[in-house]
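Below is one structure; the comments refer to it alone.
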Amino acid sequence: MSIRFGRVVASFPVHRFAAVLILGFGAACATQTPEMSPGTPTGAGAASDDFSPQTLAAGRQVFRFDTFGDEQFWTDTARMHEVVQKSVSPTMALSVGLKVDADAIPADVAAAIKGGKVDLNDPATTVTLLKLNAVVGLNGTVTTVNGKDNLTRLGITCALCHSTVDNSFSKGIGHRKDGWPNRDLNVGAIIALSPAVTPAQKAVYNSWGPGKYDPRFNIDGKSTPLVLPPAYGLARVRNETYTAEGPISYWNAYVAVTQMHGHGNFSDPRLGINIRQTPDMVGPKLGSLRAYQHSIEAPTPPAGSFDSEASARGRVVFNQNCVTCHVGANNTDNNSGVLHAPSQTGQDASYALRTANKAYRTTPLRGLWQHPPYFHDGSAATLEDAVTHYNNFRRLGLSAAQQRDLVQYLKSL
Ligand code: HEC
Ligand code: HEC
């Protein structure tokens, strides 16, 4: 076995990261887990969920708070702890879409914020929020020296992109909604704040905009950002991602190691990636993480958010025009292994071409009311646009009334 990092080009400042990997490699050979046969991507094996309360609690803890040791990147390389401490006020954090967990804020601090007594333009307030573990998806270590708080480590968690809040306290501050994609989050703009990012990378990161992320830019240097997808309603979905790269633990390991830069193992011969770091802070957590994600159900549409009579008519239109692909309880034929060439559904091919399968999975339709825009690249801003796309591209000849009914049906899913 050899370390192959050849295709991982330095669009992120990976040199230091690669060195860590290589250092970790020798020791890792001795502790190799037997489930990995050469040629099988990490996390791709069959698995069954343990839905015991302990496992679900452990998985929730991982999903919300675990950095998998990714401080090795966000702190040691990207120096984001310095950026935050120096220049990221709560106002700025909220403006790039970061969310604050109201349940982590003690009552007196909450009252002070409500009473306008907390300076939301002071980066020190952000450090206080991190000390309270109140910033969704960020995990900070704060040490206090002579009464002054210092942010010494900073890492990211899954919740950064796949959780939001219900805004019950104020905009951007509220109760957590795990699994709901954070479509306000401008991941690219946040990464672009790092002093380790070159001007050329900065331009790319700043081009993505809110609610999007390219999970391969640091692998192949290309940029076709994807809409952050929901991580709910996946219990009976066989393969994850827009291109069905593999089962959920495959993708979780991919993201944790190659994107979050967690300290652990990931290999996929299809992509020429084989990363070994000891200790593996990712692999042992994949089981509980999977169970927790599978336990998150898609949110039901709010009362009155769709017209049920029109939706019933729309269901007939759907059954006549869409179920060849959106089939079964989860509305996807990928559960029986089918993939679709981009040209079959009129989708832009450029992202698919960068992946192992080179084709798109029929997206399982769930909680559609909650997460515009639609399609992998967000090319349909609304469900009306998605229906118009199909009507034109597949020459369905639907009347205006049928299209309206179909939209109402999609809103009911
Ligand atoms: C920086 C933002 C970001 C972070 C952090 C992140 N993800 Fe994702 N996630 C994405 C994007 C973008 C996709 C879409 C990838 C694709 O479909 O090709 C995705 C896809 C997924 C999917 C597939 C959803 C589906 O419909 O198939 C799951 C499940 C998921 N992520 C879980 C996780 C978990 C668990 C973690 C933590 C280990 C995590 N993500 C961390 C951005 C992120
Ligand atoms: C030939 C197979 C096929 C047919 C027929 C089909 N779809 Fe799709 N559908 C797909 C694929 C593949 C995707 C993923 C496309 C992408 O993300 O680029 C998708 C994605 C979607 C999405 C986006 C979901 C999201 O969360 O982004 C919606 C909405 C949708 N389809 C609705 C419909 C409707 C309504 C019809 C019938 C008019 C229909 N589809 C017919 C294959 C199909």
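A few notes on this one:
- Each part gets one Cα centre, and for the stretch 303-335 versus the stretch 242-266 those centres are 31 Å apart.
- Approximate spin-label separation Ala349-Asp149, in nm, with each point projected 7 Å along Cα-to-Cβ: 5.2 nm
- Computed FRET value (nearest 0.05) for Ala47 with Lys117, which takes r as the C-beta separation and R₀ as 45 Å: 0.35
- Student exercise, the stretch 308-412 dipole from Lys, Arg, Asp, Glu Cβ charges, in Debye to nearest 20: 160 debye
- Residue among Asp280, Asp122, Asp108 with the largest mean-square fluctuation in a Gaussian network model of the chain, springs linking Cα atoms under 10 Å: Asp108
- Spin-label proximity, Asn167 to the stretch 353-391 - amide N less than 17 Å from point 7 Å beyond Cα toward beta carbon: 369-373
- The aspartates and glutamates whose alpha-carbon is closer than 18 Å to the alpha-carbon of Lys177, local same-chain residues fewer than 8 away aside, are Asp66, Asp101, Asp103, Asp166, Glu297.
- Kirkwood Rh (inverse of mean 1/r, distinct Cα pairs), the stretch 311-413, angstrom: 14.1 Å
- Excluding same-chain neighbours fewer than eight residues apart, the lysines reachable from Lys222 by a Cα-Cα span under 28 Å are Lys202, Lys212, Lys358.
- Note on Gln61 and Ala200: the model spin-label points, each 7 Å out from Cα along the C-beta direction, lie 4.4 nm apart.
- When the charge dipole of the chain is built from unit charges on Cβ atoms (+1 for Lys and Arg, -1 for Asp and Glu) and taken about the Cα centre, the candidate among Leu138, Met260, Ala203 whose Cα reaches farthest toward its positive end is Ala203.
- Summarising the strand pairing of the chain, around 90 percent of its internal DSSP beta bridges are antiparallel.
- Highest-fluctuation residue, Thr345, Thr243, Thr42 considered, GNM on the chain with Cα pairs under 10 Å: Thr345
- Rel. contact order, % - alpha carbon contacts under 8 angstrom, at least six apart, the chain: 20 percent
- In straight-distance terms, cross-link reach from Lys131 covers every one of the lysines whose alpha-carbon lies under 20 Å from its own, apart from those fewer than eight places away in the same chain; here that gives Lys86, Lys99, Lys114, Lys117, Lys148.
- Directionally averaged shadow of the chain, computed from the convex hull of its alpha-carbon atoms, nm²: 21.5 nm²
- Among Asn274, Thr67, Tyr232 - extreme Cα towards positive end, dipole of the chain, charges at beta-carbon: Asn274
- DSSP-assigned coil residues among trypsin sites (Lys or Arg not before Pro) in the stretch 331-413, each with at most 12 further Cβ atoms within 10 Å: Arg395
- Student exercise, the chain dipole from Lys, Arg, Asp, Glu Cβ charges, in Debye to nearest 20: 520 debye
Readers should treat all values here as calculations from the given coordinates under stated rules, not as data from a laboratory. The structure displayed is predicted, hence computed values, not measured ones. Reconstructed Cβ throughout: ideal geometry from the backbone, glycine too, with neighbour counts over all protein chains shown.
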